[in-house]
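Data block below; observations after.
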Amino acid sequence: RIACRGFVVENDKILICHELKDKQFFSPGGGLEKDESLEECCIREICEETGILVKVKDHLITVNEYYDDWKFISHYYICEAVGKSERKLTNAEIKTGLVPEWVNIEFIRDLWSRHDEFKREETRGSYLREHTALCEYFEVTK
């Protein structure tokens with residue numbers, strides 16, 4: 001599976017998706033659709049999940065994850081908020097109580113850095129991926 005995700009940061013706050021049901025935090029993003037560029041996917045997914053329109057500024061990092069018999073590829077981008085739109089959530093996102101939030105970037109950095117403390121493999125793996133990308137963000141934006 002190929003996915004695109006974006007970091008949108010303003011005034012020490014980062015735009016994240018918070019799944020209220022599972023109390024999990026993720027950068028906005030999702031799966032690449034047919035005939036869609038990676039940048040188009042990133043823009044669409046951020047808008048659908050958060051209602052924030054963005055422009056892609058730079059490719060940040062590509063993270064490859066391997067689980068049993070499949071590979072998950074996540075392309076991360078640095079984005080800039082340029083407007084607002086309506087959210088378009090999937091049924092699965094509605095069930096998890098997905099809401100967009102602007103949170104302190106140090107809070108999310110600390111949370112994702114503790115990825116190995118989470119019992120659920122899905123959370124542990126996702127937080128490791130997010131932490132890896134966020135570390136790269138801090139490296140390139142120093």
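The values are calculated or read from the model by the stated rules, or taken from the named source; none is laboratory data. Only a predicted model underlies this, so the values are computations on that prediction, with no experimental measurement involved. All Cβ positions, even for glycine, are placed from backbone atoms using ideal geometry, and neighbour counts span all protein chains on display. Calculation scope for accessible area: heavy atoms of the full protein, side chains included, ligands and nucleic acids excluded. Shrake-Rupley method; radii C 1.70, N 1.55, O 1.52, S 1.80 Å.
Among the residues making up the range 1-32, a single one is under 13 Å from Val103 (Cβ atoms), touching a Ser or Thr at 6+ places or on another chain (Cβ under 7 Å) and part of a loop (DSSP other than H, G, I, E, B): Pro28.
Counting only residues that are surrounded by 14 or more Cβ atoms within 10 Å (Cβ to Cβ), out of contact with any His (no Cβ under 8 Å at 6 or more places or on another chain) and without any contact (Cβ under 8 Å) to a residue 12 or more places away in the chain, how many does the range 108-134 have? Counting residues in the range 108-134 that are surrounded by 14 or more Cβ atoms within 10 Å (Cβ to Cβ), out of contact with any His (no Cβ under 8 Å at 6 or more places or on another chain) and without any contact (Cβ under 8 Å) to a residue 12 or more places away in the chain gives 1. Might you check whether a residue that is open to solvent by 50 Å² or more (accessible area, probe 1.4 Å), more than 23 Å from Ile52 (Cβ to Cβ) and modelled with pLDDT of 95 or more occurs anywhere in the range 83-105? No - not one qualifying residue is present in the range 83-105. The numbered conditions (1) under 15 Å from Arg87 (Cα atoms); (2) under 9 Å from the mean Cα position of the chain (by Cα) are all true for Ile43 except (2). Considering Glu33, Glu40, Glu45, the condition of being crowded, with 21+ Cβ neighbours inside 10 Å, of a type outside the set (A, V, I, L, M) and either without any contact (Cβ under 8 Å) to a residue 12 or more places away in the chain or in contact with a Pro (Cβ under 7 Å, 6 or more places away or on another chain) (or both) is satisfied by Glu45 alone. When residues in the range 59-79 are screened for being surrounded by fewer than 13 Cβ atoms within 10 Å (Cβ to Cβ) and either among the charged types (D, E, K, R) or touching an Asp or Glu at 6+ places or on another chain (Cβ under 6 Å) (or both), 3 of them pass.
In the set Leu53, Leu60, only one residue is modelled with pLDDT of 95 or more and touching a Phe, Trp or Tyr at 6+ places or on another chain (Cβ under 9 Å); that residue is Leu60.
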